[in-house]
Amino acid sequence: MVRHRMHALMSATVMAGVVGLAGLAGCTAAPHAGVDAPELPDPAADRPVVALTYRMADDLASAEGTERVTFTPDEQVCELVFRAWPNKPATAVTGNALTVSAVSVGGTALPLDVQAAGAPSGSPGTLVEARLPSCSPAGTPITADLTFQLRLGERTDERVGYSSRHRIAWFGSAYPMLAWAPGVGWTRDPAVDVAGEMTTSQAYRLESMTVEAPGDDAVMGVGDEVRTEAGSRPGTTAHTFSADVVRDVTVSVGRFEVDTRSVDGRQISVALPPNARASMDDWHTQLRDELGSLSELLGRVPASHLWISVLPGVSEGVEYGAAIQFGNLHPQRDRWLVAHELAHMWFYGLVGNNQAEHPWLDESFATYAQEVVSPADTTRRESEEPVGAPMSYFAGRPDASEAYVNTVYARGGAALLRARERVGEDEFDAALREYLRANAWSIATPDDVRAALAHLPEAVAALDEAGAFRAD
Ligand SMILES: [Zn+2]
């Protein structure tokens, strides 16, 4: 994620330099090394399988949802835990709410215990626990059926919201998210009021995601759109998507112009709102160029179809792996932000992390990659705080979001740039590509970074000096 407004000033000041370098930046239509890079490892065969449905209200201000999730815990479990992230402070405050109304296993409704876990009062709570009738042993698949209601807040500058003026709704991480992490167990990190993510999600197979919406509205999802058919209500269309492996999903619905283009065998779909600040060509050109540069640095793009939604009244970028929400910005002017969110396809989508405990594992690395391929000097406001600190640490600092950005993005990104400088680009880039390969589709920890860089002690030292490996 990047909150665009925080960086707006600094990106404007470096624009002159960026324009001057445009011809040298390597962002051309040249063949992309990453495309020819080795195949990525397959995700775990026993990864969770999820099926979702959303039935949109006619005004797009709410949705009724169902979820079926099958997962195989690697420890005994006596309860199921789901997270309702739209109830975190930053999105609850404008009226967004995700209410889980039922969880059942084998047709038996389970008692629900919903806890605020950082949600403001009046909000449904971010932590949903459902006790099983009896404990289930490790290695036994469990299938749960859930029903939920999603309410969207008008003009929210965040990952869920809607605009009645533009007739556009968007909702990311807006379903009961299974909170199981292999080797760790249930993750119950509280939501905090800091501008960033706090989720932990195993990579899963999205068996299907069906979004039923009024027939005139465009629908953006993830993976492949496998069919459209008449919806269950007159005048509606049901759009069904499916994906072999995702870590999260986001949906956008409404009066978009959508254009899908093929680049190096990969599909890129872009949805623009009626008041878009840049043209379809501008977006596709910049996405193609940044994706090409990133794949040269990081290896094969870990998705075959990329879904980009440009949203009215939103000032940030939010990553969901192979789907991204962008504010209504100009992609050439803010190419660093385009690169940043695309870099999350590798650092979060491919290699996941607990974003509450180790936010630097996706944000420092995405900032680093962004600064390598489209430098904008966003790392210059380095704080003195430890890069490896959890979200709860920043929540307790004065100016929490600023402390978080100046530490996890700026100081962490700068530390990685210093590490690369000390050990040499080729050595560092190879080590990072091996880190991505070795931890593909898993939930990585700082120990995995340390292991990947163990043969480059000067790189480890650069991260250590910035407090990345702090014991917390
Ligand atoms: Zn980010």
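Can you find, among 148, 353, 424, the residue sitting farthest towards the positive end of the charge dipole of the chain, where Lys and Arg contribute +1 and Asp and Glu -1 at Cβ?
Value: 148.
Can you tell me the length gained on complete extension of the stretch residue 380 to residue 66, counting 0.36 nm per residue apart and subtracting the Cα distance? Provide the component values of the computation, followed by the final result.
Details: separation 314, 0.36 × 314 = 113.04 nm, distance 4.50 nm.
So the extension gain works out to 108.5 nm.
Just to confirm my numbers, what's the Cα centroid distance between segment 376-428 and segment 238-296 in Å?
First find each Cα centre; the distance between them is then 29 Å.
Mind pulling up the Rg/Rh value for segment 83-142? Radius of gyration and Kirkwood radius, both on Cα.
1.08
So which GluC sites (Glu not before Pro) in segment 400-472 are both in a DSSP loop and have at most 13 other Cβ atoms within 10 Å of their Cβ?
Those that pass, being in a loop and sparsely packed, number zero.
Looking at 196, 301, 442, which one has the Cα that reaches farthest to the positive end of the dipole of the chain (charges on Cβ: Lys, Arg +1; Asp, Glu -1)?
In the chain, that residue is 196.
Need one number: nm distance between label points at residue 228 and residue 330, each 7 Å from Cα along Cα→Cβ, rounded to one decimal.
For residue 228 paired with residue 330, the spin-label model returns 3.2 nm.
P(r) tail for segment 51-112, what percent of Cα pairs lie past 17 Å? Present the calculation step by step, with values, prior to reporting the outcome.
Values: 1053 of 1891 pairs.
When all Cα pairs of segment 51-112 are counted, 56 percent exceed 17 Å.
With +1 on each Lys and Arg Cβ and -1 on each Asp and Glu Cβ, how big is the dipole of the chain about its Cα centre, in debye rounded to the nearest 20? Walk me through the numbers before you get to the answer.
On the way: 37 positive and 63 negative charges, 172 e Å.
In debye, rounded to 20, the chain gives about 820.
Could you bin all the Cα-Cα distances of segment 226-293 into 10 Å bins starting at 0 and give me the percent of pairs in each, rounded to whole numbers?
Result returned by the calculation: 15, 40, 36, 9, 1.
Need one number: the % of Cα-Cα pairs in segment 361-431 sitting beyond the 19 Å mark. Show your work: numbers first, answer last.
On the way: 798 of 2485 pairs.
Percent of Cα pairs beyond 19 Å in segment 361-431: 32.
Taking every eigenvalue of the Cα gyration tensor of segment 307-360, multiplying by 5 and rooting it, what semi-axes result, largest first, whole Å?
Numbers: eigenvalues 88, 25, 21 Å².
Semi-axes, largest first: 21, 11, 10 Å.
Roughly how many nanometres apart are two label points built 7 Å out from the Cα toward the Cβ at residue 113 and residue 244?
Simple spin-label model gives 4.0 nm for this pair.
I need two numbers for the chain: Rg to one decimal and Dmax as a whole number, Cα atoms only, in Å.
21.0, 66
Nearest 0.05, what FRET efficiency do residue 422 and residue 76 give at R0 = 51 Å with Cβ-Cβ as r?
Values: r = 46 Å, r/R0 = 0.89.
Computed FRET efficiency for residue 422 and residue 76: 0.65.
Determine the principal axes of the Cα atoms in segment 323-472, then give the extent along each, sorted from largest to smallest and rounded to whole angstroms.
43, 33, 28
Principal axes first, then extents: for the Cα atoms of segment 152-219, list largest minus smallest coordinate on each axis, whole Å, largest first.
Rounded to whole Å, the extents work out to 45, 33, 13 Å.
Could you give the dipole magnitude of segment 105-255 about its Cα centre, charging the beta-carbon of Lys and Arg +1 and that of Asp and Glu -1, in debye to the nearest 20?
Values: 12 positive and 18 negative charges, 41 e Å.
With only Lys, Arg, Asp and Glu charged at Cβ, the dipole is about 200 debye.
Below 8 Å between Cα atoms, with a sequence gap of 6+, how large is the relative contact order for the chain in percent?
Working: 1161 pairs, mean separation 74.1, N = 472.
Taking the mean separation of contacting Cα pairs over the length of the chain, I get 16 percent.
Please work out, to two decimal places, the log10 of the ratio I(q)/I(0) at q = 0.10, 0.15, 0.19, 0.21 Å⁻¹ from a Debye calculation in which every Cα of segment 149-296 carries one identical scatterer.
Results for segment 149-296 at q = 0.10, 0.15, 0.19, 0.21 Å⁻¹ read -0.44, -1.00, -1.42, -1.50.
Rounded to the nearest 5, what is the percent of antiparallel bridges among the DSSP beta bridges in segment 218-326? Don't skip to the answer; put the middle values down first.
Details: 19 of 28 bridges.
Once the DSSP bridges in segment 218-326 are tallied, antiparallel ones form about 70 percent.
Compute the Kirkwood hydrodynamic radius of segment 99-204, taking the inverse of the mean of 1/r over all pairs of distinct Cα atoms, and give it in Å to one decimal. Before the final figure, lay out the partial values.
Values: mean 1/r = 0.0631 Å⁻¹.
One over the average 1/r among Cα pairs gives 15.8 Å for segment 99-204.
Per residue of the chain, what 222 nm ellipticity follows from adding -39500 (n - 2.57) for every DSSP H run with n ≥ 4, rounded to the nearest 500? Display every interim value, and only then the final one.
Values: 13 runs with 119 residues, N = 472.
The per-residue figure over the chain is -7000 deg cm²/dmol.
Grab the beta carbon distance between residue 281 and residue 165, set R0 = 25 Å, and tell me the FRET efficiency rounded to 0.05.
Values: r = 26 Å, r/R0 = 1.03.
Efficiency, rounded to the nearest 0.05: 0.45.
Can you figure out the FRET efficiency of residue 447 with residue 140, using R₀ = 22 Å and their beta-carbon distance, to the nearest 0.05? Write out the running numbers ahead of the final one.
Numbers: r = 29 Å, r/R0 = 1.30.
That pair, residue 447 with residue 140, gives E of 0.15.
Out of the GluC sites (Glu not before Pro) in segment 35-67, which ones are loop residues according to DSSP with at most 13 other C-beta atoms within 10 Å? Each step should come with its number before you reach the end.
Numbers: sites: 39, 64, 67; in loops: 39.
Passing sites in segment 35-67 are 39.
Considering only DSSP beta bridges with both partners in the chain, what is the antiparallel share in %, to the nearest 5? Each step should come with its number before you reach the end.
On the way: 80 of 101 bridges.
Percentage antiparallel, nearest 5: 80.
In µm²/s, what is D for segment 197-240 at 37 °C and 0.692 mPa s, where D = kT/(6 pi eta Rh) by Stokes-Einstein and Rh is the Kirkwood radius from Cα pairs? Walk me through the numbers before you get to the answer.
Numbers: Rh = 11.9 Å.
After rounding, the answer is 275 µm²/s.
Here, each number is a calculation from the coordinates, and none is a lab measurement. Since this is a predicted model, take the numbers as computed values, not measurements. Cβ: placed from backbone, ideal geometry, glycine included. Neighbour counts: every protein chain shown.
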